[in-house]
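To start, the structure itself, in structure tokens.
The values are calculated or read from the model by the stated rules, or taken from the named source; none is laboratory data. Computed from a prediction, not measured in an experiment: that's the story for all the values here. Counting neighbours? That spans all protein chains shown, and the Cβs are built from the backbone with ideal geometry, glycine included. These area figures cover heavy atoms from the full protein model, side chains too; ligands, DNA and RNA do not enter into them. Shrake-Rupley method; radii C 1.70, N 1.55, O 1.52, S 1.80 Å.
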4 protein chains.
Amino acid sequence: MANLTLLRDQLRSFAAERDWDQFHSPKNLSAALAVEAAELLEIFQWLSEEQSRQLPADTLASVKEEVADVLLYLIRISDKLGIDLIAAAQDKLQVNAKKYPAAIARGTATKYDKL
Amino acid sequence: MANLTLLRDQLRSFAAERDWDQFHSPKNLSAALAVEAAELLEIFQWLSEEQSRQLPADTLASVKEEVADVLLYLIRISDKLGIDLIAAAQDKLQVNAKKYPAAIARGTATKYDKL
Amino acid sequence: MANLTLLRDQLRSFAAERDWDQFHSPKNLSAALAVEAAELLEIFQWLSEEQSRQLPADTLASVKEEVADVLLYLIRISDKLGIDLIAAAQDKLQVNAKKYPAAIARGTATKYDKL
Amino acid sequence: MANLTLLRDQLRSFAAERDWDQFHSPKNLSAALAVEAAELLEIFQWLSEEQSRQLPADTLASVKEEVADVLLYLIRISDKLGIDLIAAAQDKLQVNAKKYPAAIARGTATKYDKL
């Protein structure tokens with residue numbers, strides 16, 4: 001997790017240098033994260049699925065900026081709440097494996113509560 | 001990036017075992033990511049900023065699940081598009097440092113294009 | 001509903017004149033709606049609740065544009081799916097009244113499934 | 001606008017009876033609106049565009065509930081900020097007509113700033 005830890009520390013310095021911790025409540029950060037996720041979605045909204053798999057270089061560059069923004073806010077909100085992102089993701093993978101047993105979920109996008 | 005790489009590989013297996021790659025176009029993954037980000041936002045929507053900083057244990061557990069979901073889809077869409085998430089975040093941090101010079105952005109939440 | 005019907009018809013013409021019906025699948029429209037909702041959220045993300053109640057004129061003008069965009073896509077997706085928006089809202093109000101009985105929900109923002 | 005006015009008044013009573021105005025700051029309402037928009041998006045996230053045009057009855061019923069929720073919060077935030085939704089939508093339609101001249105925007109989903 002060296003790289004996420006480094007980013008976490010860089011974001012701490014970034015906010016401290018700008019006196020931005022006053023704005024960075026988990027509530028506000030969750031809104032900022034949703035806004036960035038929507039900016040990523042905006043890139044794809046009128047594309048076909050096929051087009052979304054074959055992005056021209058300038059579109060891909062925009063996608064990189066938006067996934068980066070999402071990651072940065074994700075690291076930031078996790079830091080503010082003392083969450084270990086990697087551990088949380090590993091835990092969730094196990095939950096998902098139980099919610100969606102391979103034998104049952106195979107080839108269907110049906111939500112677990114309707115499987 | 002060992003941990004993100006591991007998660008990427010686990011997600012590849014997870015999707016392959018369920019034959020889910022057919023659903024995992026970048027377009028669809030960007031929608032799923034936005035949905036998870038909104039589920040995180042939902043936890044905070046009626047809380048005060050102060051309350052969001054002092055979450056009870058069960059709420060914090062819910063937050064962990066949602067930040068995990070966001071990270072998992074973020075890793076997945078990046079994998080599908082060949083994006084190195086950590087490198088993208090480092091690049092974006094540099095862009096942000098130029099957009100928001102500390103001396104100008106100090107103590108204000110004003111967007112860069114209005115600074 | 002005269003006014004919503006008029007807007008529906010104007011949006012039909014708007015799309016027809018631009019040959020945009022090809023892009024206006026309900027799936028795509030739901031993404032566009034979520035993007036506009038996030039643009040509205042972006043305006044408020046760093047404001048305090050108190051500030052959000054006392055918007056300066058230029059911010060209020062931006063809010064007007066975003067609520068308008070949300071309404072336009074909402075009318076459009078409803079039109080594409082044959083949904084009567086007003087009737088749906090009246091039905092949902094009744095559902096909400098049952099989910100949140102006044103005597104129980106009074107003064108709390110707790111979600112119905114935890115009341 | 002008789003129907004929107006009626007819904008506005010019903011929502012005012014609904015909130016007053018539950019003492020919910022304390023939670024209904026424009027900031028919070030914008031988050032709630034984004035959450036509902038994402039719940040609508042969730043219904044479509046794994047569907048093809050074609051499938052989204054031909055929804056089975058139970059899915060359509062879910063869509064009705066979500067578009068209703070979006071409309072209700074849209075009316076509520078507009079009420080709190082003194083915005084006339086229909087007038088705002090009419091104004092925005094005129095802005096859009098200028099941003100996307102039919103002759104130039106015909107058959108393309110390109111954003112106005114790149115047309």
All but one of (1) in a helix (DSSP H, G or I); (2) modelled with pLDDT under 95; (3) under 22 Å from D:A37 (Cα atoms) hold for C:A103, so report the exception by its number. (3)
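Given the condition under 24 Å from C:S62 (Cβ atoms), within 14 Å of chain B (Cβ to nearest Cβ) and of a type in the set (A, V, I, L, M), answer yes or no: does some residue in region D:69-78 qualify? Steps first, please.
First, pick out the residues of region D:69-78 that are under 24 Å from C:S62 (Cβ atoms): D:69-78.
With the extra rule that they be within 14 Å of chain B (Cβ to nearest Cβ), the set shrinks to D:69-70, D:73, D:76-77.
Keeping just the survivors that are of a type in the set (A, V, I, L, M) gives D:70, D:77.
For region D:69-78, residues under 24 Å from C:S62 (Cβ atoms), within 14 Å of chain B (Cβ to nearest Cβ) and of a type in the set (A, V, I, L, M): present.
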Tabulated pairs, region C:1-15, first in contact (Cβ under 8 Å) with a residue 40 or more places away in the chain, second open to solvent by less than 60 Å² (accessible area, probe 1.4 Å) and among the small types (G, A, S), C-beta under 7 angstrom, 6+ apart or interchain: C:L7/D:A89
Residues satisfying the stated conditions in region D:1-12, i.e. open to solvent by 10 Å² or more (accessible area, probe 1.4 Å) and facing chain C (nearest Cβ under 7 Å): D:M1, D:N3, D:Q10
Would you confirm whether or not region D:96-112 contains a residue that is within 18 Å of the chain's Cα centre (by Cα) and surrounded by 13 or more Cβ atoms within 10 Å (Cβ to Cβ)? yes
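Here's a check for you: in region A:13-26, which residue that is surrounded by 16 or more Cβ atoms within 10 Å (Cβ to Cβ) and more than 18 Å from the chain's Cα centre (by Cα) is farthest from A:Y73 (Cα to Cα)?
Selected residue: A:R18.
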Condition first: open to solvent by 50 Å² or more (accessible area, probe 1.4 Å), touching a Lys or Arg at 6+ places or on another chain (Cβ under 7 Å) and on the phi < 0 side of the Ramachandran plot. Can you find one or more residues in region A:60-80 that meet it? yes
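Here's the yes/no breakdown for (1) without any contact (Cβ under 8 Å) to a residue 24 or more places away in the chain; (2) assigned to a helix (DSSP H, G or I); (3) away from chain D (no Cβ under 14 Å):
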residue: B:N28; (1), (2), (3): yes, yes, no
residue: B:I43; (1), (2), (3): yes, yes, no
residue: B:E65; (1), (2), (3): yes, yes, yes
residue: B:V95; (1), (2), (3): yes, yes, yes
residue: B:T108; (1), (2), (3): yes, no, yes
Please go through region D:50-59 and pick out each residue that is open to solvent by 50 Å² or more (accessible area, probe 1.4 Å), of a type outside the set (D, E, K, R) and assigned to a helix (DSSP H, G or I). D:Q51, D:A57
Looking only at region A:38-49, decide whether some residue is out of contact with any Ser or Thr (no Cβ under 7 Å at 6 or more places or on another chain), modelled with pLDDT of 95 or more and surrounded by fewer than 18 Cβ atoms within 10 Å (Cβ to Cβ). yes
